[in-house]
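For reference, the structure is listed below as structure tokens.
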Amino acid sequence: MSTSKALALVTLFCAAMDSASATPWEWTAREVRVLKSFSLSALGDPPPSPGNRWADDPGAATLGEAIFFDPSFSANDQLSCASCHAPDLDFADGLTRAQGLGAGNRNTPTITGTAWNTWFYWDGRRDSLWAQALIPFEAHNEMGSDRLSVVRNVASSHTLTANYEAVFGPLPEFDDIAVARASPLADAALRDSWYRLNSEQQRRINTVFVNIGKAVAAWERTQHFKPSAFDSYIDSLDALGETENTPEISDDIKAGARLFMDADTTQCLQCHNGPTLTNGGFHNIGTGNFDGDMLDFGRVFGLQAVLMDEFNCLGPYSDAAPEDCTALRFLNRGHHIPLEGAFKTPSLRGVDGTAPYFHDGSAATLKDVMQHYNRPPDTAKVGEHELNALELTDTDIESLVAFMQALTKAATD
Amino acid sequence: MSHIFATRRHLVRLLALPAVGAGLSLASNAESNPLFTAVSERGHFEVSAAPQDQLLPIGTLHTWTVQLLDVSGRPLGNAALAVGGGMAAHGHGLPTRPVVTPTDRVGEFRVEGIKFNMAGSWTLRFGIEHGTTRDIAEITFDVDF
Ligand SMILES: [Cu+2]
């Protein structure tokens with residue numbers, strides 16, 4: 001008999017003496033290893049953001065926080081990043097699809113833990129938090145502004161100017177620019193204004209605009225995952241399983257964790273693994289929208305977009321040495337991996353707080369998500385996807401949901 | 001329902017080539033890094049490949065050193081190497097595209113940007129070109145948490 005079996009029997013015996021306590025739960029050695037690989041304590045600090053020299057600068061974070069919550073950066077002075085990434089909604093918005101100045105066609109993800117992402121947006125069309133942060137200001141259905149208004153807005157506030165200059169040095173003048181608004185991405189009139197500026201003026205505006213993105217990113221990087229009830233549980237395990245320090249959690253949660261790790265019953269661990277519960281990659285799980293108004297091909301266009309982005313890690317506004325741009329250097333452009341209908345695997349930390357689910361908000365609850373995995377859609381309708389139909393019972397589904405809720409519930413100590 | 005892009009069916013076939021199990025061996029102990037060796041499919045070359053880390057971590061980029069040898073075990077000069085791979089059981093390729101650079105040593109290459117994003121059986125495929133001779137060697141190994 002193995003030591004672990006023998007020990008388990010002893011524990012079993014002790015438990016039987018004490019009729020109040022339930023039968024102890026037994027994990028295999030591999031299960032303990034996989035559980036430990038989920039622990040937040042295995043995550044470490046956020047990876048460096050080589051393109052952003054100010055990524056970990058506290059002054060930049062202070063400025064970034066102010067901008068994140070400031071509606072004066074939107075065209076109607078009413079919308080900020082926090083309108084859609086609301087702190088009391090776990091930095092999401094609770095909506096099926098985002099609502100800004102216009103209707104969006106994707107679901108709003110949280111910003112918590114995004115410091116650990118390699119790719120941003122459901123299709124990964126940006127490769128850094130700072131490059132991502134530049135988009136919402138100018139998106140016509142989000143904050144509807146333009147980059148010249150955004151930089152002028154900093155110049156028009158004493159506090160913002162002081163905070164900006166403390167980090168980035170003197171804010172350049174824009175008095176030589178006659179127009180109030182200009183952007184290469186907005187409507188035809190604003191694009192026209194932008195292309196009438198000379199390249200030095202464009203670069204001056206872009207530099208301040210990019211610094212604003214880098215400041216916002218510095219603050220977002222401080223929004224870390226918080227330890228969950230499940231972290232307390234796994235951190236208490238030793239190589240043989242539960243110990244006397246193991247907090248009580250329901251057998252439902254444990255059964256859910258077991259199913260999640262069991263490659264014979266589910267495939268979850270292929271895509272949702274490590275302390276963030278995502279492999280950071282793009283997968284086709286049959287959620288693409290290949291016809292109708294919500295047409296969305298996912299990664300196949302995100303990949304083109306990030307390569308063309310002048311604010312990517314290799315671009316002129318990045319602080320990175322080219323060899324440090326590993327995501328772009330080692331980018332697989334579709335060699336034996338699906339791009340069409342593929343979306344970024346989201347983290348499952350905090351997932352119970354950010355319904356609805358999937359890139360288009362098409363699953364209202366975690367139970368609906370599980371039904372999708374149990375009976376994936378017909379590939380004839382959604383294209384070749386990576387899922388096999390599962391044979392989960394209702395009890396199995398409840399257990400998996402309980403497990404994901406435990407990954408969300410705050411640790412109590 | 002039609003799609004503008006090809007499906008991934010073709011790659012399942014590509015990856016399902018018989019593994020060169022006979023030519024593959026793995027030597028490893030506590031001190032040294034794992035070392036994989038394989039004879040190429042048509043017997044022209046030998047490959048030995050070793051990750052820089054002692055373990056094969058999941059989810060991070062790692063660098064490997066690959067040594068090409070001729071049939072008599074001598075380092076193979078003036079050869080070109082291409083590296084690919086994936087998971088035959090899941091029908092997908094590597095999540096990244098590794099970059100291959102020759103080192104100062106004859107027949108030796110540094111392969112950067114290899115990443116395994118899940119547990120299971122992974123295959124690395126080495127395409128070798130030497131003069132007019134081309135061959136492919138494969139190593140297959142398990143990666144786990
Ligand atoms: Cu796989």
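Just so you know, all these numbers are worked out from the coordinates, no wet-lab data involved. Predicted, not measured: the structure shown is a model, and the values here were computed from it. Positions of Cβ are backbone-derived with ideal geometry, glycine not excepted, and every protein chain shown enters the neighbour counts.
Placing unit charges on the Cβ atoms of the charged side chains and taking the dipole of the protein assembly as shown about its Cα centre, the candidate lying farthest along the positive direction among B:139, A:205, A:62 is B:139. Shape analysis of the range A:291-413 places it in the oblate category; the axes a ≥ b ≥ c from the Cα gyration tensor give an a/c of at least 1.5, with a/b not above b/c. Couplings 3J(HN,Hα) for the range A:107-114, derived from phi with the Karplus relation 6.51 cos²θ - 1.76 cosθ + 1.60 (θ = phi - 60°), are 7, 7, x, 6, 9, 4, x, 5 Hz, where x marks Gly and Pro.
Note that the range A:30-40 has calculated 3J(HN,Hα) couplings of 5, 4, 4, 4, 5, 4, 4, 5, 7, 4, 4 Hz, one per residue in order, obtained from phi through the Karplus relation 6.51 cos²θ - 1.76 cosθ + 1.60 (θ = phi - 60°); glycine and proline are x. Beta bridges assigned by DSSP with both partners in chain A are antiparallel in approximately 90 percent of cases.
Averaged over the residues of A:286-294, the number of partner chain Cβ atoms lying within 10 Å of the residue Cβ comes to 1. Take the Cβ atoms of residue A:262 and residue B:103, set R0 to 51 Å, and the FRET efficiency comes out at 0.75.
How much net charge surrounds residue B:39 when only other residues with a Cβ under 13 Å from its Cβ are counted (Lys, Arg +1; Asp, Glu -1)? Net charge in that neighbourhood comes out at -4.
Taking amide hydrogens as placed 1.01 Å from N in the peptide plane, the amide H of residue A:409 sits under 5 Å from those of A:229, each at least 5 positions away in sequence or on another chain. Anisotropy class assigned to the protein assembly as shown is oblate, per the alpha carbon gyration tensor with a/c at or over the 1.5 cut-off and a/b no larger than b/c. Sequence-distant or interchain residues sharing an amide H contact under 5 Å with residue A:332, placed H: which? Amide H to amide H, under 5 Å and 5 or more residues apart or across chains, residue A:332 pairs with B:97.
Each of residue A:171 and residue A:236 was given a label point 7 Å from its Cα along the Cα-to-Cβ line. The distance between the two points is 5.2 nm. Which of the listed residues, A:73, A:120, B:81, is farthest toward the dipole's positive end in the protein assembly as shown, when Lys, Arg count +1 and Asp, Glu count -1 at the beta-carbon? Ranked along the dipole, the leading option is B:81. For residue A:289, the residues whose amide H sits under 5 Å from its own are A:296, ignoring neighbours fewer than 5 places away on the same chain, with H placed 1.01 Å from N. Taking the centroid of alpha carbons for each part, the range A:164-199 and the range A:349-388 are 42 Å apart. Across peptide A:274-283, the mean count of Cβ atoms from other chains lying within 10 Å of each residue's own Cβ comes to 3.
Please give the calculated 222 nm ellipticity per residue for chain A, where each DSSP H segment of at least 4 residues contributes -39500 (n - 2.57) and the sum is spread over every residue; nearest 500 deg cm²/dmol? Don't jump to the answer; show the numbers that get you there.
Numbers: 17 runs with 164 residues, N = 413.
Taken over chain A, the calculation gives -11500 deg cm²/dmol.
Computed from point charges on the beta carbon alone (+1 for Lys and Arg, -1 for Asp and Glu), the dipole magnitude for the protein assembly as shown about its Cα centre is near 1360 Debye. For the peptides A:169-178, A:302-311, the ranking by mean Cβ contacts within 10 Å, running from highest to lowest, is A:302-311, A:169-178. In order along the range A:179-188, phi translates into HN-Hα couplings of 6, 7, 10, 6, 6, x, 10, 7, 6, 4 Hz, rounded to whole numbers, per the Karplus curve 6.51 cos²θ - 1.76 cosθ + 1.60 with θ = phi - 60° and x for Gly and Pro. The protection proxy used here, the mean number of other Cβ atoms lying within 10 Å of each residue, ranks peptides A:290-296, A:121-127, A:152-158 as follows, highest first: A:121-127, A:152-158, A:290-296.
Applying 0.36 nm per residue to the separation of residue A:41 and residue A:179 and subtracting their alpha-carbon distance, the gain on full extension is 44.5 nm. Averaged over peptide B:114-121, the number of partner chain Cβ atoms lying within 10 Å of each residue's Cβ comes to 5.
Quick one: net charge of residue A:208's neighbours, Cβ under 12 Å, K/R +1, D/E -1? Local net charge: +3.
Under the rule a/c < 1.5 gives rounded, and otherwise a/b versus b/c splits prolate from oblate, where does the range A:58-130 land using the Cα gyration tensor? Walk me through the numbers on the way to the answer.
Values: a/c = 1.56, a/b = 1.02, b/c = 1.53.
Here the range A:58-130 falls in the oblate category.
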